[in-house]
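Q: Before I ask anything, let me first share the structure, which is written out below as structure tokens.
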Amino acid sequence: MSSKKSTLGITVKKDQDFSEWYTQLLQKAELIEYSAVSGCYILRPNAYHIWEKVQEFLDRLIKADGVKNAYFPLLIPESLLAKEEKHIQGFAAEVAWVESGGHSKLPERLAIRPTSETIINDTYAKWIRSHQDLPLRLNQWCNVVRWEFKHPVPFLRSREFLWQEGHTAFATKEEAVKETYTILDFYERVFTELCALPVLKGRKAKTETFAGADYSLSLEVFLPNGKAIQGCTSHHLGQNFAKAFNITFQDEKQQSQYVWQNSWGLATRLLGIMIMMHSDDKGLVLPPRLALTQAVIIPILFDDSRVKVLKEAQKIKSALEKKGISVHLDDREGYSPGWKFNEWEMKGVPVRIELGPKDLEKRQAMVARRDTGEKQALSLAGVDAKIKLLLEQMQQDLHVKAEKFLQQSIVKAENLKDAEKAVSAGKIAFVPWCGTEKCEEKWKERTNAKSLNSPLEQPKMKSGQLCFACKEKANSWFYIGKSY
């Protein structure tokens, strides 16, 4: 047991060595295990449960909006991938290929799915004939492989990851454009309501637009290490893929038209973002709505009161379960209460309930919140309802704390010097920008930052507002900062 004690805690602080802190947390909170392939990770039950909750929440939203789930093959012929030139250029460096089957060389290389635009659009060309076949709105939950050669980071940049990808086709541009914003709203609900994560919601710069898309929308999150990260995207593909794959339909006037399309995706990257945002030096901190175990009961046992304490602990467990709270009673032998406290703190269980013989005498239980460490004595009468309220309060408080951090991290900068200063201080610079690629190259070099997105609801631009970097006319306000 002494060896377990020595390895249980995280040995570095979040604000001193963020990367090492994150690496230790993922393993000690039993979220991931490393595999034999670099950049490919095993998701343990504590992590996979979070993804299941995300799936459940988002799946309900998109199905209510009319989207249906399907599944397309993992392997994509090279000839299909090459049909959309801009798209394949955008993914060329990341594609993993299958070149043989058994001992036989394949007549054509097969790409291991980096995304499914090409194989799905080849299929849509077969399925869509008439305006009555539209809209066609499908989503698939699957894995993808992107063989990035940068330093892999679990969840954030892994070579294989889980995601959902929606692929839709419409008769009109207006319908397609409307959907990109609807889906972004759904994603925002996942981030805010489920994960307690505030977001920057906006449109990507042209240089950051998805390969083959007319425009890309995104949610960006700013993390405590001073870096932003793209949380998800919703792309309007226009008619680019429709023309490459000849996806046409007969309209009501019997005229042949190309469809208008979108694609949109949210990946397990979200788990890493949430873990980085909320967790602390003691380990994982989880929003209660995502926790596999929302409450743990730790009985303080002595020989003369063991039976009474365990009986009461079981009663509390049953009452909590009836309230829909997932709860675990930790009555293991050979572990001290203190050791158990540390273990469950590491694993991020939102609420800890301590119950001993002195508590029984007072008809109370000591309850601790994982996020604040605050402890309070709660009467055993109605303790289930009180803990349910406590969990909901913790969910809201985590979002408020993260929102405050985000707002304090945004600095308005109307010139390059101020933007550089903000980014150097680990902040996001909010700048008026002309949006040109030439200008972007200039300020990227000076600030070591990149464009994040431009808010959908723009602040009023003052008359004659100049670009912060090149002093040409600015056309929108943009968030820029260091980014993964």
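Q: Name the single residue, out of those in the range 406-459 being β-branched (Val, Ile, Thr) and assigned to a helix (DSSP H, G or I), that is nearest to Thr207 (Cα to Cα).
A: Within the range 406-459, the subset β-branched (Val, Ile, Thr) is 410-411, 423, 428, 431, 436, 447.
With the extra rule that they be assigned to a helix (DSSP H, G or I), the set shrinks to 423, 447.
On the way: Val423: 20, Thr447: 17 Å.
The residue in question is Thr447.
Q: What residue, of Val309, Val296, is surrounded by 17 or more Cβ atoms within 10 Å (Cβ to Cβ), closer than 20 Å to Glu30 by Cα and modelled with pLDDT of 95 or more? Reasoning before the result, please.
A: On the way: Val309 fails: closer than 20 Å to Glu30 by Cα.
Matching residue, one of Val309, Val296: Val296.
Q: What tally of residues in the range 419-441 results from selecting those that are over 12 Å from Lys482 (Cα atoms), surrounded by 15 or more Cβ atoms within 10 Å (Cβ to Cβ) and of a type outside the set (A, V, I, L, M)? Outline the logic, then answer.
A: Initial filter on the range 419-441 (over 12 Å from Lys482 (Cα atoms)): 421, 430-441.
If we keep only those that are surrounded by 15 or more Cβ atoms within 10 Å (Cβ to Cβ) too, we end up with 421, 430-436, 439-440.
Next, from what is left, pick out any that are of a type outside the set (A, V, I, L, M): 421, 430, 432-436, 439-440.
The number of residues fulfilling the criteria is 9.
Q: Within the set of pairs 6+ apart or on separate chains, which have a first residue in the range 184-211 that is among the β-branched types (Val, Ile, Thr), a second that is at pLDDT 95 or above and part of a loop (DSSP other than H, G, I, E, B), and C-beta atoms under 8 Å apart?
A: Thr192/Pro198; Thr192/Val199
Q: Given the options Ala125, Ala111, name the one that is assigned to a strand (DSSP E or B) and either over 19 Å from the mean Cα position of the chain (by Cα) or farther than 26 Å from Arg60 by Cβ (or both). Give the steps one after another, and end with the answer.
A: Numbers: Ala125 fails: assigned to a strand (DSSP E or B).
Within the list Ala125, Ala111, the selection yields Ala111.
Q: State whether one or more residues within the range 169-189 are among the polar types (S, T, N, Q), surrounded by fewer than 23 Cβ atoms within 10 Å (Cβ to Cβ) and closer than 17 Å to Ile428 by Cα. First the steps, then the outcome.
A: Initial filter on the range 169-189 (among the polar types (S, T, N, Q)): 172, 180, 182.
With the extra rule that they be surrounded by fewer than 23 Cβ atoms within 10 Å (Cβ to Cβ), the set shrinks to 172, 182.
Pick out the ones that are also closer than 17 Å to Ile428 by Cα and you get none.
No, the range 169-189 has no match at all.
Q: Being within 26 Å of Glu343 (Cα to Cα), among the hydrophobic types (A, V, I, L, M, F, W, C), assigned to a helix (DSSP H, G or I) and more than 16 Å from the chain's Cα centre (by Cα) is the filter here; which residues of the range 25-76 pass it? Reasoning before the result, please.
A: Taking the range 25-76 and keeping what is within 26 Å of Glu343 (Cα to Cα), we get 25-35, 41-54.
Adding the requirement that they be among the hydrophobic types (A, V, I, L, M, F, W, C) leaves 25-26, 29, 31-32, 42-43, 47, 50-51, 54.
With the extra rule that they be assigned to a helix (DSSP H, G or I), the set shrinks to 25-26, 47, 50-51, 54.
Of everything in the range 25-76, just one residue is within 26 Å of Glu343 (Cα to Cα), among the hydrophobic types (A, V, I, L, M, F, W, C), assigned to a helix (DSSP H, G or I) and more than 16 Å from the chain's Cα centre (by Cα), namely Leu25.
Q: Report whether or not Ser483 is of a type in the set (Ser, Thr, Tyr) and within 23 Å of the chain's Cα centre (by Cα). So that I can check it myself, show each step before the final result.
A: Working: of a type in the set (Ser, Thr, Tyr): yes; within 23 Å of the chain's Cα centre (by Cα): yes.
Considered against the rule, which asks whether it is of a type in the set (Ser, Thr, Tyr) and within 23 Å of the chain's Cα centre (by Cα), Ser483 comes out as yes.
Q: Continuing with the same structure: Would you call Lys358 under 18 Å from Leu284 (Cα atoms) and either at pLDDT 95 or above or not in a loop (DSSP other than H, G, I, E, B) (or both)? Before the answer, list the steps.
A: Numbers: under 18 Å from Leu284 (Cα atoms): no; either at pLDDT 95 or above or not in a loop (DSSP other than H, G, I, E, B) (or both): yes.
No: the conditions fail for Lys358.
Q: Restricting the search to the range 87-112, which residues are in contact (Cβ under 8 Å) with a residue 40 or more places away in the chain and closer than 17 Å to Phe72 by Cα?
A: Across the range 87-112, there are no qualifying residues.
Q: Which residues, taken from the range 246-263, are assigned to a strand (DSSP E or B), surrounded by 24 or more Cβ atoms within 10 Å (Cβ to Cβ) and not small (Gly, Ala, Ser)? So that I can check it myself, show each step before the final result.
A: Pass one, the range 246-263, residues assigned to a strand (DSSP E or B): 248-250, 256-258, 260-263.
Still in the list and also surrounded by 24 or more Cβ atoms within 10 Å (Cβ to Cβ): 260-263.
Passing the criteria: Trp260, Gln261, Asn262.
Q: Please name all residue pairs, on different chains or six or more residues apart, with Cβ atoms under 9 Å, provided the first residue is in the range 116-144 and is in contact (Cβ under 8 Å) with a residue 24 or more places away in the chain and more than 19 Å from Pro73 (Cβ to Cβ) and the second residue is assigned to a helix (DSSP H, G or I) and aliphatic (A, V, I, L, M).
A: From residues that are in contact (Cβ under 8 Å) with a residue 24 or more places away in the chain and more than 19 Å from Pro73 (Cβ to Cβ), the pairs are Pro135/Ala176; Arg137/Ile62.
Q: Looking at this structure, is Leu286 buried (at least 23 other Cβ atoms within 10 Å of the Cβ), closer than 30 Å to Asp185 by Cα, out of contact with any Gly (no Cβ under 9 Å at 6 or more places or on another chain) and modelled with pLDDT of 95 or more?
A: Values: buried (at least 23 other Cβ atoms within 10 Å of the Cβ): yes; closer than 30 Å to Asp185 by Cα: yes; out of contact with any Gly (no Cβ under 9 Å at 6 or more places or on another chain): no; modelled with pLDDT of 95 or more: yes.
When the stated conditions are applied, Leu286 does not pass them.
Q: Do we have Leu81 as at pLDDT 95 or above, closer than 23 Å to Arg157 by Cβ, touching a Phe, Trp or Tyr at 6+ places or on another chain (Cβ under 9 Å) and surrounded by 12 or more Cβ atoms within 10 Å (Cβ to Cβ) here?
A: Against the criterion (at pLDDT 95 or above, closer than 23 Å to Arg157 by Cβ, touching a Phe, Trp or Tyr at 6+ places or on another chain (Cβ under 9 Å) and surrounded by 12 or more Cβ atoms within 10 Å (Cβ to Cβ)), Leu81 does not qualify.
Q: Looking at this structure, is Lys388 closer than 19 Å to Leu320 by Cβ and either touching a strand residue (DSSP E or B) at 6+ places or on another chain (Cβ under 6 Å) or at pLDDT 95 or above (or both)?
A: Details: closer than 19 Å to Leu320 by Cβ: yes; either touching a strand residue (DSSP E or B) at 6+ places or on another chain (Cβ under 6 Å) or at pLDDT 95 or above (or both): yes.
Yes; evaluated as a whole, the condition is true for this residue.
Q: Now, a different point. Mind listing just one residue for me: the one in the range 406-430 that is in contact (Cβ under 8 Å) with a residue 60 or more places away in the chain and in contact with a helix residue (DSSP H, G or I) (Cβ under 8 Å, 6 or more places away or on another chain) and, of those, nearest to Asn225 (Cα to Cα)?
A: Result: Ile428.
Q: What is the one condition in (1) within 27 Å of Val190 (Cα to Cα); (2) at pLDDT below 90; (3) of a type in the set (Lys, Arg) that Arg60 does not satisfy?
A: Result: Arg60 passes all but (2).
Q: Given the residues Arg332, Arg363, which is the only one that is without any contact (Cβ under 8 Å) to a residue 12 or more places away in the chain, farther than 30 Å from Phe191 by Cβ and of a type outside the set (S, T, N, Q)? Explain how you work it out, then say what you get.
A: Numbers: Arg363 fails: without any contact (Cβ under 8 Å) to a residue 12 or more places away in the chain.
Exactly one residue qualifies, and that residue is Arg332.
Q: Look through the range 88-108, keep the residues that are under 25 Å from the mean Cα position of the chain (by Cα) and more than 29 Å from Thr172 (Cβ to Cβ), and return whichever of them is surrounded by the most Cβ atoms within 10 Å (Cβ to Cβ).
A: Val95
Q: Output yes when any residue across the range 444-457 is touching a strand residue (DSSP E or B) at 6+ places or on another chain (Cβ under 8 Å) and loosely packed, with under 13 Cβ neighbours inside 10 Å, and no when none is. It would help to see each step written out before you state the result.
A: Taking the range 444-457 first, the residues touching a strand residue (DSSP E or B) at 6+ places or on another chain (Cβ under 8 Å) are 444, 447, 449-456.
Now restrict to residues that are loosely packed, with under 13 Cβ neighbours inside 10 Å: 456.
Checking the range 444-457: at least one residue is touching a strand residue (DSSP E or B) at 6+ places or on another chain (Cβ under 8 Å) and loosely packed, with under 13 Cβ neighbours inside 10 Å.
The values are calculated or read from the model by the stated rules, or taken from the named source; none is laboratory data. Treat the numbers as computed from the prediction; the structure is a model and nothing was measured. All Cβ positions, even for glycine, are placed from backbone atoms using ideal geometry, and neighbour counts span all protein chains on display.
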